[in-house]
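Q: What follows is a structure written as structure tokens; I'll ask about it next.
Where a number appears in this text, it was derived from the coordinates with a stated rule and is not lab data. These figures come from a predicted structure and were not determined experimentally. Quick reminder, even Gly has a Cβ in these numbers, built from the backbone with ideal geometry, and neighbours come from all protein chains shown.
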Amino acid sequence: MSINTALSGLSAAQHDIAATSHNIANVGTIGFRGSRAEFADVFNSSPYSISRTAVGSGVQTLRTAMQFSQGSVVATGNTLDLAIEGQGFFATEPAVGPNSAKPEPIYTRAGAFGLNAEGVAINASGQKLLAWPVSVEGDALSQVPGSATPLTIPLTMGSPVGTSTVALSVDLPTDNAMLGRQAAVPPAAAFDPADPTTYAAVTAVPIFDAKGNAVEAAAYFIKTANPTAGNPQTDWAVRLVVAGEPLTPAQGDLTFDATGALSGGTGALSFTAASGNSYTLDLTETQLADRSFEVNTVSQDGKSASALTSLEVDASGTVWAAYGAGSPVAMGQVVLVTFANPQALRQLGASGFAATADSGQPVAGTAGDSGFGIIRAGALEHANVDLTEELVHLITAQRNYQASAKAMETSNSLMQTIMNIRS
């Protein structure tokens, strides 16, 4: 019947409008693949019908076909924003519970990734970016299916070392008028870090604990004896306070000759904390000078774990990370995947796809290999939707809908005319 034919036209036009509206709604979605509705005519006939006079029975929707043309690539400046120029998909591992079986990968062209608290590269949906293992020089260790693991970039590198020796070189004043607030030589009151009248000068010193954490520490200098006609030597005492605790021995002694050079002893003073930690304060380069207290150099042998300072991704998808002042080391190589029939992939939403029997098995590789595109870091691929084209197509689909509605109205009028025939 002509009404059914017109009805199929309405249904097809509505499907076309829905597909076009979906494209328009996702014009700003990163990595989105546009789709189009594809139709076929319906033609029913029997062995006894005359083909040259047979009339079709309308239209049917065959499929909604995804389009995998290249979308525009726009720079963002974020290193872990990745865009594929050419063929391929990123392979990601969905977020699952700790006791769940290993999930099937999700494939996507949306490359907006960042690091979580554990240093794993994830997207906004919590899916982990998969990468091949590599050596620190960037050589691939394996590209066997199943060997890819989530790309992990530690936020720190190396083992911390607690401080044992601090080398400190200072100039101590010869003139008592430059002793800061020290009240007398030697001070009348016992040393007290909170009382500036009990010492002549203080300077912070760098110290790390066994976990690589910086600890507040300071060295205090106290003038204990002035030179005399019979004894030209000048005596100073040194106190070391770490985390608010004055260490033992209570003080180290420094003796300087008439020229201001350190004499008597090595100048390496040992201190022990109540916790058992011991520190050596090396003052062998310290001297007297006709000026105010001044720190020349300070260094120590402890270190914290080196922090991540830079990150870059090359065109092959190899991720390089630099820690502290060290040279970059490779963290992994991003996995790319292609399919024999990508239009048969199952859409999962959030620009993600899953493999199906019709799409074929995923073929894994790396950017730049034959059949794979290259990776551009610091950029994202936008939806491959031409907004102008979609708006024009929307108008066409609307006209088709109106025409089918008019055909239905005409068929209804014909039936009404027949019903009004009176004998």
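Q: When we measure straight from the Cα of Lys303, which aspartates and glutamates land under 16 angstrom away, once same-chain ones fewer than 8 places off are left out?
A: Partners within reach: Asp209, Glu216.
Q: When a/c reaches 1.5 or more, the comparison of a/b and b/c decides; with that in mind, is the chain rounded, prolate or oblate per its Cα gyration tensor?
A: Because a/c hits 1.5 or more and a/b exceeds b/c, the chain counts as prolate.
Q: A further question on this structure: Please give the peptides 310-322, 220-232 ranked by average Cβ packing (other Cβ atoms within 10 Å per residue), highest first, as a rough proxy for protection.
A: Top of the packing list down: 310-322, 220-232.
Q: What share of the DSSP beta bridges in the chain is antiparallel, in percent to the nearest 5?
A: Here the share of antiparallel DSSP bridges comes out near 95 percent.
Q: The stretch 165-300: percent of C-alpha pairs farther apart than 19 Å?
A: Tail of the P(r) past 19 Å holds 47 percent of the pairs.
Q: Follow-up. Among the trypsin sites (Lys or Arg not before Pro) in the stretch 332-423, which ones are in a DSSP loop with at most 16 other Cβ atoms within 10 Å of the Cβ? Mind listing them?
A: For trypsin sites (Lys or Arg not before Pro) across the stretch 332-423 that sit outside H, G, I, E and B with at most 16 neighbouring Cβ atoms in 10 Å, the list reads Arg422.
Q: Using just the helices of the chain, give the 222 nm mean residue ellipticity in deg cm²/dmol: DSSP H runs with n ≥ 4 each add -39,500 (n - 2.57), and the total is spread over all residues, rounded to 500.
A: Helix contribution divided over all residues of the chain: -5000 deg cm²/dmol.
Q: Normalised by the residues of the stretch 79-213, what does the relative contact order come to in percent, with Cα pairs under 8 Å and at least six apart?
A: Worked out over the stretch 79-213, it gives 17 percent.
Q: Gap in Å between the Cα centre of the stretch 219-271 and the Cα centre of the stretch 143-166?
A: 43
Q: Shifting gears a bit: When the distances between all Cα atoms of the stretch 383-423 are binned every 10 Å from zero, what whole-number percent does each bin get?
A: 25, 26, 20, 15, 9, 4, 1
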